[in-house]
1. Answer yes or no: is there a residue in the range 104-111 that is modelled with pLDDT of 90 or more, of a type in the set (Val, Ile, Thr) and surrounded by 16 or more Cβ atoms within 10 Å (Cβ to Cβ).
2. In the range 42-78, which residues are assigned to a loop (DSSP other than H, G, I, E, B) and in contact with a Leu (Cβ under 6 Å, 6 or more places away or on another chain)?
3. Among the residues of the range 42-66 satisfying the criterion of being more than 16 Å from Ala82 (Cα to Cα) and of a type in the set (D, E, K, R), which is surrounded by the most Cβ atoms within 10 Å (Cβ to Cβ)?
4. State whether the residues of the range 100-107 include one that is closer than 23 Å to Ser30 by Cβ and assigned to a helix (DSSP H, G or I).
5. Residues that are among the charged types (D, E, K, R), over 30 Å from Met127 (Cα atoms) and in a helix (DSSP H, G or I): does the range 18-33 have at least one?
6. Taking into account only those residues within the range 79-94 that are in a strand (DSSP E or B) and small (Gly, Ala, Ser), which is nearest to Pro10 (Cα to Cα)?
7. Among the residues of the range 32-41, are any closer than 17 Å to Ile79 by Cβ, surrounded by fewer than 16 Cβ atoms within 10 Å (Cβ to Cβ) and in contact with a helix residue (DSSP H, G or I) (Cβ under 7 Å, 6 or more places away or on another chain)?
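The values are calculated or read from the model by the stated rules, or taken from the named source; none is laboratory data. Please read these numbers as outputs of a predicted model, since none were measured by experiment. Cβ placement follows ideal geometry from the backbone for every residue including glycine, while neighbour counts extend to all protein chains displayed.
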Amino acid sequence: MPLTLHPCTPSDLPHAVLVERKAYGPSPFSPILFPGPFPPNAFEGRVAELTAQLADDPTTRWLKVVDSDRSGEEAAQGIAYAKYNLYLESAPNDQGSRGFGDGCNVEACEMVFGGIAEVRRRVMAGMKCICEFLELVFVLLCVVSPFVLPFVR
């Protein structure tokens, strides 16, 4: 299973959201952070959010890992995705505001994600850095390797 790293394009983001849901969905924290119910267009909304970040923020980068042994439609699809920011001058002092959509526990999300953002701001603000933070990393283990499955159940 040779794995290769590729930059993502906006057309990769719908599959990235599918992988994100499978990777984070079974988490014991999901019912607390994201209890639902979600609107019917939640998937499209998440894709639009990530697409806007990629288009509107020149520091945003996305990578995908592709399994070179896959064929057909799956050949170019990522089995893992990562988002990070590239700050050639310095990391910003303010990461901007976060929004949490319908179905999210805003108070819990703000505690978790706001806490992470505060630590990141405190540690990285104003620093010259290449890669500030791997903001999102998600992997679909059952696709990465059937060998791994017995160990993650």
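1. No, that holds for no residue.
2. Selection gives Thr59 alone.
3. Glu44
4. Yes, there is a match, as at least one residue in the range 100-107 is closer than 23 Å to Ser30 by Cβ and assigned to a helix (DSSP H, G or I).
5. Yes, because at least one residue in the range 18-33 is among the charged types (D, E, K, R), over 30 Å from Met127 (Cα atoms) and in a helix (DSSP H, G or I).
6. Filtering the range 79-94 for residues that are in a strand (DSSP E or B) and small (Gly, Ala, Ser), the one nearest to Pro10 (Cα to Cα) comes out as Ala82.
7. The first filter runs over the range 32-41 and keeps only residues closer than 17 Å to Ile79 by Cβ, leaving none.
Scanning the range 32-41, I find no residue that is closer than 17 Å to Ile79 by Cβ, surrounded by fewer than 16 Cβ atoms within 10 Å (Cβ to Cβ) and in contact with a helix residue (DSSP H, G or I) (Cβ under 7 Å, 6 or more places away or on another chain), so the answer is no.
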